[in-house]
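The values are calculated or read from the model by the stated rules, or taken from the named source; none is laboratory data. Computed from a predicted model, the values in this text were never measured in an experiment. Backbone-built Cβ (ideal geometry, glycine too); neighbour counts: all protein chains shown. Remember, those area values only see protein heavy atoms, side chains included, never the ligands or the DNA or RNA. Shrake-Rupley method; radii C 1.70, N 1.55, O 1.52, S 1.80 Å.
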Amino acid sequence: MQRYTRLFLIILGSALALFVAFNAAVDPYDTGTGIRVAGLTAEKTRAHEDGRRVQVGHQIGQVEAGTLITGSSRTVDGFPMTVEDWPGGLWNAGIRGSNAFELAHLAAIAGHEEDLRCFIVGLDMAEFASGEKYKPAFPISRLADGLRWVATARVTLSPNTFARAVQTVHENMTGTAPQPPFREVYEPGEQYRRFMNTPVPTFRYYRAMRVSPERMDFLFRSLEALAREGVQVIGYIHPVHAWNEEAIFAAGRGQDYFDFRSEMAERFAALEQAGEPVQSCVPGGAAVLWDFSGYQPPSTTPLPEPDQTISHDVYHEPAHYLPALGRDMLSVMQAGEPVDGFGINLSQTDPRDSEAAILQRREAYLATPDGEALQAMLAPAMAEQGARGWQSVAISHAEWRSLIALNRAVASREHRQAALAD
């Protein structure tokens with residue numbers, strides 16, 4: 001009996017060792033544990049899977065960039081992966097489907113790096129929705145606790161990593177790779193359909209969605225730790241096409257949107273009291289907030305033609321903009337003032353003063369043929385009675401304690417000054 005037990009344990013241990021070795025060697029998330037063999041593991045075709053949580057968590061501190069920009073898939077797809085001409089260099093640390101809970105951890109872990117100069121975070125009401133706190137890949141990633149090697153162990157032991165590793169090997173051997181979600185050329189009508197299919201689901205989402213003040217407190221706990229230790233914190237409210245933005249107003253959440261802008265401005269004004277940044281990247285003090293939403297010109301551009309194949313000039317689809325617009329936003333931030341009427345510096349103006357102009361731009365857009373078509377599309381949904389249920393999920397005391405511990409490890413202003421002086 002003992003012999004069979006030993007044999008079973010040997011087989012089980014060997015299988016686990018092979019499982020871990022395979023995951024580590026293929027390294028589908030490109031965390032640095034793998035080997036690159038042409039035609040087998042060289043191309044990390046699944047590195048961006050699971051929202052980039054694993055990849056971003058591991059690469060913080062390994063990329064040579066003084067600034068991280070993060071946010072949802074709008075950041076991932078709306079900015080280049082690197083920007084060399086940004087002061088100290090910029091790296092895109094966006095994660096798809098993010099929310100304030102995950103971004104708070106990302107900000108805290110980024111702050112552990114002494115050479116972090118600036119931290120840019122994309123914001124919208126959805127980031128602070130009170131629903132799910134994180135996506136499935138978050139607990140195995142470094143974002144959960146900041147421990148790189150512990151996270152590496154979790155990743156190599158994950159069945160999901162094994163599935164991604166098998167996909168990676170297969171795609172290397174066959175010379176195929178998953179199609180990116182957005183491209184320069186589409187099948188005729190594909191991009192037009194994306195615009196047509198967006199307004200009603202977005203309307204239903206905003207009708208049900210609830211913003212959580214607790215999520216705001218959670219994220220700003222990390223942003224405060226960064227600002228206090230000399231990192232310039234730069235926030236920006238995402239632009240979306242009018243075919244996405246109108247859903248907010250049609251769902252009766254226009255006042256919530258205006259209150260959100262004011263709340264963000266107040267919180268960034270509070271961060272400003274942290275003192276001067278060690279090395280700023282944009283004009284302003286410890287915290288700067290820009291708003292690119294509100295029917296500003298890039299977001300009211302005409303829809304793609306029904307049979308169009310070339311990508312829309314500004315938007316992949318109503319909720320996601322092209323990197324060209326992301327570069328324009330970075331240029332506005334660096335200039336410290338609107339460029340061609342694009343951008344509102346909410347650190348220098350009262351958000352309430354710009355509400356009337358937003359309503360005027362909205363009214364002007366709704367009077368266009370595209371705007372009239374949008375209203376006709378939303379009318380049946382607006383007539384529906386009630387809204388779907390919305391489950392709110394609280395942040396536990398243990399999760400608060402974990403974040404506070406991460407923030408205590410943020411590099412001090414003195415160490416940051418020394419690192420950035422080298």
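Scanning the stretch 189-205 for residues that are outside any loop (DSSP other than H, G, I, E, B) and over 19 Å from the mean Cα position of the chain (by Cα) gives E190, Q191, Y192, R193, R194, F195, M196, P199, V200, P201, F203, R204. Scanning the stretch 34-77 for residues that are under 17 Å from P181 (Cα atoms) and small (G, A, S) gives A47, G51, S72, S73. Among the residues of this structure, L106 does not count as one that is buried (at least 21 other Cβ atoms within 10 Å of the Cβ) and assigned to a loop (DSSP other than H, G, I, E, B). Name the residue, out of A247, A251, that is in contact with a Phe, Trp or Tyr (Cβ under 7 Å, 6 or more places away or on another chain) and open to solvent by less than 10 Å² (accessible area, probe 1.4 Å). Criteria check complete, one pass: A247. The numbered conditions (1) within 23 Å of the chain's Cα centre (by Cα); (2) crowded, with 17+ Cβ neighbours inside 10 Å are all true for P351 except (1). Considered as a group, the residues in the stretch 1-33 that are in a helix (DSSP H, G or I) and of a type in the set (F, W, Y) include one that is most open to solvent (accessible area, probe 1.4 Å), and that residue is Y4.
Summed over the stretch 379-398, the residues that are touching a residue at least 12 places away in the same chain (Cβ under 8 Å) and closer than 22 Å to D145 by Cα give a count of 3. The C-beta contact set for the stretch 252-279 (first residue polar (S, T, N, Q), second residue assigned to a helix (DSSP H, G or I), distance under 7 angstrom, 6+ apart or interchain) comprises S262/P351; S262/R352; Q279/L420. Among the residues of the stretch 237-256, those that are farther than 13 Å from Y295 by Cα and out of contact with any strand residue (DSSP E or B) (no Cβ under 8 Å at 6 or more places or on another chain) comprise A250, A251, G252, R253, Q255.
The residue list A110, A163, A151 contains one member that is of a type outside the set (F, W, Y), farther than 18 Å from N23 by Cβ and modelled with pLDDT of 90 or more, which is A110. No other residue among V200, V211 is open to solvent by 10 Å² or more (accessible area, probe 1.4 Å), modelled with pLDDT under 95 and among the hydrophobic types (A, V, I, L, M, F, W, C) apart from V211. Taking the listed residues R408, R362, the one that is farther than 30 Å from G146 by Cβ, of a type in the set (K, R) and open to solvent by 30 Å² or more (accessible area, probe 1.4 Å) is R362, with no other qualifying. Residue count for the stretch 265-275 satisfying the condition of being under 17 Å from G111 (Cβ atoms) and either surrounded by fewer than 21 Cβ atoms within 10 Å (Cβ to Cβ) or modelled with pLDDT under 95 (or both): 2. With respect to the stated conditions, R36 is on the phi < 0 side of the Ramachandran plot, open to solvent by 60 Å² or more (accessible area, probe 1.4 Å), out of contact with any Asp or Glu (no Cβ under 8 Å at 6 or more places or on another chain) and at pLDDT 90 or above. When F101 is tested against (1) farther than 30 Å from A409 by Cβ; (2) among the hydrophobic types (A, V, I, L, M, F, W, C); (3) assigned to a helix (DSSP H, G or I); (4) touching a residue at least 12 places away in the same chain (Cβ under 8 Å), only condition (1) is not met. Cβ-Cβ distances below 7 Å connect the following pairs, each with a first residue in the stretch 309-334 that is hydroxyl-bearing (S, T, Y), a second residue that is in a helix (DSSP H, G or I), and a separation of six or more residues or different chains: S311/Q191; Y321/R74; Y321/G78. Any chance the stretch 275-282 includes a residue that's among the small types (G, A, S), touching a Gly at 6+ places or on another chain (Cβ under 8 Å) and more than 19 Å from S72 (Cβ to Cβ)? Within the stretch 275-282 (the criterion being among the small types (G, A, S), touching a Gly at 6+ places or on another chain (Cβ under 8 Å) and more than 19 Å from S72 (Cβ to Cβ)), the answer is yes, since at least one residue qualifies. With respect to the conditions (1) surrounded by 21 or more Cβ atoms within 10 Å (Cβ to Cβ); (2) out of contact with any His (no Cβ under 8 Å at 6 or more places or on another chain), P297 falls short on a single one, namely (1).
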